[in-house]
1. Can you find, within the range C:180-215, the residue that is nearest to residue C:152 (Cα to Cα) among those that are of a type in the set (Val, Ile, Thr) and surrounded by fewer than 24 Cβ atoms within 10 Å (Cβ to Cβ)?
2. How many residues are over 15 Å from the mean Cα position of the chain (by Cα) and β-branched (Val, Ile, Thr) when one looks only at the range B:132-175?
3. Scan the range B:82-124 residue by residue and report those that are closer than 25 Å to residue B:182 by Cβ, under 20 Å from the mean Cα position of the chain (by Cα), within 7 Å of chain C (Cβ to nearest Cβ) and of a type in the set (Gly, Ala, Ser).
4. Taking into account only those residues within the range C:1-50 that are small (Gly, Ala, Ser) and under 24 Å from residue B:155 (Cβ atoms), which is nearest to the other protein chains (Cβ to nearest Cβ)?
5. Quick one: in the range A:105-116, of everything that is surrounded by 22 or more Cβ atoms within 10 Å (Cβ to Cβ) and more than 9 Å from chain B (Cβ to nearest Cβ), which residue is farthest from residue A:263 (Cα to Cα)?
6. From the list C:6, C:67, which one is buried (at least 17 other Cβ atoms within 10 Å of the Cβ), among the basic types (Lys, Arg) and in a helix (DSSP H, G or I)?
7. Given the options A:102, A:131, A:123, name the one that is within 15 Å of the chain's Cα centre (by Cα) and buried (at least 21 other Cβ atoms within 10 Å of the Cβ).
8. I'd like the full set of residues that are closer than 22 Å to residue B:214 by Cβ, of a type in the set (Ser, Thr, Tyr) and not in a loop (DSSP other than H, G, I, E, B), limited to the range C:108-135.
Amino acid sequence: MRAQAKRRSGITLVAVLAVAVVAMLGLAACGGGTVGGGNSGEATTAKGGPATGKLTISNWPGYIDPGKNGTVAEFEKETGVKVDYIEDINSNDGFFGKLQPQLEQGESGGRSIFVVADYMAKQMHDLGYLQEINHADLPTVFKNLLPDLQHPGFDPERKFSVPWQGGMTGIWVDTSKAPDIHSVNDLFDPKYKGKVTMLDELRETPALVMLAEGVDPAKASADQWLHAIEKLGNAAESGQIRRFTGNEYTEDLTAGNIVAAIGWSGDASLIENPNAEWRMPTEGCTRWSENMVIPVGAPNTAAALAWMNFVYRPDVAVDITEYVEYISPVNGVKGLLQERGSELAESDIVFPTEEFTRNCTGQITPPELERVNEAWQEVLTG
Amino acid sequence: MASLSRAWAWLRRNALPIYAGLAVAYLLIPIVVIAVFSFGATPKGKLTFGLDHGFTTEYWRSAFSRPDLNEALFTSLRLAVLATAISTVIGTLMAIALVRHKFHGRQLTNLLIVIPMATPEVVIGASLLSMFIYYTLALGFTTLLIAHVMFSISFVVVVVRSRLIGFDRHLEEAAADLGATPLATFRTVTLPLLAPGILAAALLAFSLSIDDFVISNFNSGTTVTFPLYVYGVSLRGVPVQVNVLATMLFLLLTIAVMLVLWQQRRAERMTAVRPQPAGRPALAGGSA
Amino acid sequence: MSLRQRLVPYWLLAPGLLWLVVFFVVPMYFMGELALRSGSLTSGYTFDWAWSNFPHSLSGHTEQIGRSFYYAGTATLLALLIGYPLAYAIAFRAGRFKALLLFAVIAPFFTTYLIRTIAWKTILSDSSPVVSVLQTLSLVPADGRVLATSGAVIAGLTYNFLPFMILPLYANLERLDLRLIEAAKDLYSSSRQAFLKVTLPLTMPGIVAGVLLTFIPAFGDYVNAQILGGTSQAMVGNVIQSLYLNQRNYPEAAALSFLMMALILAIVVAYIRLAGTGAFMGDEDEEAA
C-alpha cells in the first residue's frame, strides 16, 4: 500500500512537471519577447485646447505652496479643473524606476505632468517617454521665462521641458552643534563621524567632492569621478557618513540625528529645526533645475498646458517662491517680492547673484556613465 | 532572612509570568508610542520626538483632512477587502479538500502551500514584477490584487485547516443520522461551527494585505497604498494624521479580533456536550 | 465512490492551485528567464543565455549576502530565546489570560509593518530618552548611537519577526501532553532534566518551524535595513530592490533573486525531507492522509 502510494505520487510528480514544461514553453512563445529598449517611433505633440476635467501632477515634496489659498486651489477656482497633486517623487531614479514599465507601454499611470531634473528629462525623452510641447500653446510661459533658461544644453529648443523651479545643492548645517562647517571637506572631519549624511544622487555628491578637491566636474575624467566615489566609499565604510539619502536628510536634521547634510537650498519648509541653515560651500555648489514634462499617455494635456501657463504668471509664481524658497524661472518675481517687502527678495538662496554662484557647476553627467554609475551604486548599497 | 528567601522563592515561582509580562510589554512598545504621539502638538504638523510642544487632540479631529492620505488608506482598504474575500473563499475550499478528502498529489499541494509562506517578500515581489514586465502589463490596482490574494491563500489554508482538524465529526454524523443531505449538513452544521476559523483566517488575510509594503512596492506602479504612502512621507516628515489613522486601524482590528474570539466561545459552548479526550485542552481553541 | 465524488477534492483545490501556480510558480520562471538576458534599459534586454549573470550577481555582493546571514541568524536566535519562554508561559501558565496574551503577540500586526519600524526609528533616535538610558547603562558608548548600526537592524528584525517565531512554538507547545512531564517527575527527574529530556525534544518540530518561518523572511528583508540602518548595513534585499527599482538592471536583479529563491527552496526541501511536509504543516492528525 505504501509502495503503491509512493509510486503513484511519483508518477503524479512527473506528470505535473511535464505539463509544467510544456506550459512554460507555450507561455514564452505567446507573449512578450522584447523587454526594455524604449519607445521607438515619432514623438507625439501634446494637444492643446480648453482646460477641463481632472489633472494629475506628480511632484517633489515641499515644492508648492499648499492649502486653501495655495496655487493648486487657485488654479482649481479659476479654471474649474480638478487637480490631483501628488508628492510622490523622492528621487529621480526611484521615480523613474517605478514608472518605467508603464512608460514603456505608452502609459503614464494617470499623470499628465511630472517634475524631474534636467538629465532625467533628457533620459525620458531619449527613450521616447515624453510628448513634445508646442510653444504656441504656452504664450505666458515663453513670455516670462528667464532668458538664461531658454536654451539649455539638454533641450536647446525647449521642445519637451518647461522649468519648474531651480535650486542649489550645498550644505545644511545645524548651527547649534557644528557652526564651523563651511566646506564639503569639513564633512569628512572625524569629529563629526556618523553625524553627517550625503545625497544619493550621482551628479551631486561626487561632483561636490570633486569641487572641494579643486577638480571641475565638467572637465573631469571618468577616473577622477571614480576617485571621488572611492573616497566616499571609504568614508561610508568607516562610518563617517551615516547614510546616503534622498529627501530623508530633512528628517534626520529635525530629529537631531545629524549635524550636517548635503542638501537642497529650499528645503527649509521640510525641516523642523530652527537652528538649521543652508550654506553655500566655499568651493561652490551644484546648480540645477527641475522641469515639468508631459509624458506619453497623459490623459489631459490641455489642462496640463493651462497649468504651465498659470504658474508662469508672476503673481502666481511669487506665491510659490515665497513658500518653497527655491529659484523661480519666472521673470518679475523679484520685483513683486520687493513690493511686498519680503526679505526673500534680497536672499542669496532665492535670487543668487552671479557672484554668489561663481564657483557653482551644473549637473554634469559623467563620462563612461555605466562604469561610473555602477561604482556609485556599489557605494550606495554598502 | 526568612522573608528574603521567601521573596526569592516567590520570584522563582513567578519568574515565567513576570517574564511573559515583560515580553508582552516589549511587543506593545511601538504601538503605545504610535498612539501617544498621535496626541503630540508639532509646529509644522510633522512628527517629532517628544511631547514638549504640548498635548493636543487636533490631529484626531482633523484625521481625515489630508486627501492624499485618505485616498491611500481607501485604496488599501478596498484592496484588503477584495483580497480577503477572494483568498478566504479559495483557501477554505483548499483546506476542506486537504482535510476531508483523498486525492493524488497531496505532497505537491502541501509544498505549494508552504513555500510561499516561507519565501521572502522581495523574491515574490520581484518575480511578479518580472512576469508583468515580460508581458508589459500595466502595474496598478489589479496587479496588486493578484499579488495580495496570492500570498494570503497559504495563510488562510493553514488557519482553516487547523480548525478543521480539531473538528468534532459527531455533530455532522448526528445530522446525517437525522436524514440531512451532505449539502444541508454542510450549510447548517459544518459552516457555522467552522465560522470562527474562517473569520480568523479572513482577519489574518486582511491584516496581511493592509500591512504589505514590499510586494506592493514592486508591483503597484503609481497606485499608492497606505504603507506606500507612509514610506513616501517617512522620507520627508510623517504627518501626525498617519499616527492617528494607524491607531484607529489598530483599534478597529482589535475589536474585530474580540468579535472573533467571542464567536469562538459561543461555538465552543454550542458543542460543549461531548466528552473531552483526557489530558488535552479544549479542542476548539488554537491560535487565531 | 462514484467518479463525481472522487473528483470533488480536485474541484475544491483547483482555484487555489491555479492561482498559486500562475502567480507564484510561473513568475519564478520569468524571473529566471529575465536573469538570462543582457543589455540595458535604453538598448533593450535581449535573451542570450547570459549565464554569467548568476555568478556575477553573487560575486559583486558577497558582503551583503554574508551580512544577511549574520543579521537574520542573530535575529532568529534572539527571537527564539525571547519567544520560547513566552510561548511556554502562554501555553501552560496563562490560565484565563491565554487569549489576551495571544492577542498581544499578534497585536503588532495590526499596525502596519512600516509604521512599527518607523516608530522604532523614533524611539531609537539619537536624542531620545531611551538611548540616553542605554548610554547611562553603558550598553551604548557615550558618544555612540543606536540608529544606523547593525544593532538597530537586528533589533528591528527581531521585533518584527517575533510573532512568526512565537506562533508555531505555541501551536506545538499547546499539544504537549503534560502527563509526560509528570511521569518524568515521578521518575525522580529534576525540572531542568524534565525540560531538557522531555519538553525540548518533543517541541523540536515547533522550534524548527519557527526558525524557518523567521529566518527566511528575515534573510530577504530590506525595510529594517533601509529605515534603521546606515551606509554599511545593506542586506541582500536592499541590493535586489536597488537593482530592480533604482538601477533597472533587471537581469542582475533577477539572477540574484533567483539564486536566493533557490537557496531557500533547498533549505525548505531539506527540512521536508527530514520531517515530511506533514510535520511542517502540523499534520500529525490529518484525517485523510
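The values are calculated or read from the model by the stated rules, or taken from the named source; none is laboratory data. All of these numbers come straight from a predicted model, not from anything done at the bench. Positions of Cβ are generated from backbone atoms using ideal geometry, with glycine treated the same way; all protein chains shown enter the neighbour counts.
1. Here is the first cut: in the range C:180-215, the ones of a type in the set (Val, Ile, Thr) are C:181, C:198-199, C:203, C:207-208, C:211, C:214.
Now narrow it down to the ones that are surrounded by fewer than 24 Cβ atoms within 10 Å (Cβ to Cβ): C:181, C:198-199, C:203, C:207-208, C:211.
Working: C:181: 39, C:198: 36, C:199: 33, C:203: 30, C:207: 25, C:208: 26, C:211: 21 Å.
Filtering first and then ranking leaves C:211.
2. Residues that pass the stated criteria total 6.
3. B:91
4. Within the range C:1-50, the first condition is being small (Gly, Ala, Ser), and the residues that meet it are C:2, C:14, C:16, C:32, C:35, C:38-40, C:43-44, C:50.
Subset that is under 24 Å from residue B:155 (Cβ atoms): C:14, C:16.
Working: C:14: 9, C:16: 4 Å.
Checked the range C:1-50; the qualifying residue nearest to the other protein chains (Cβ to nearest Cβ) is C:16.
5. A:112
6. Details: C:6 fails: buried (at least 17 other Cβ atoms within 10 Å of the Cβ).
Answer to the selection: C:67.
7. Details: A:102 fails: within 15 Å of the chain's Cα centre (by Cα); A:131 fails: within 15 Å of the chain's Cα centre (by Cα).
Among A:102, A:131, A:123, only A:123 is within 15 Å of the chain's Cα centre (by Cα) and buried (at least 21 other Cβ atoms within 10 Å of the Cβ).
8. Listed by number, the residues that qualify are C:113, C:117, C:122.
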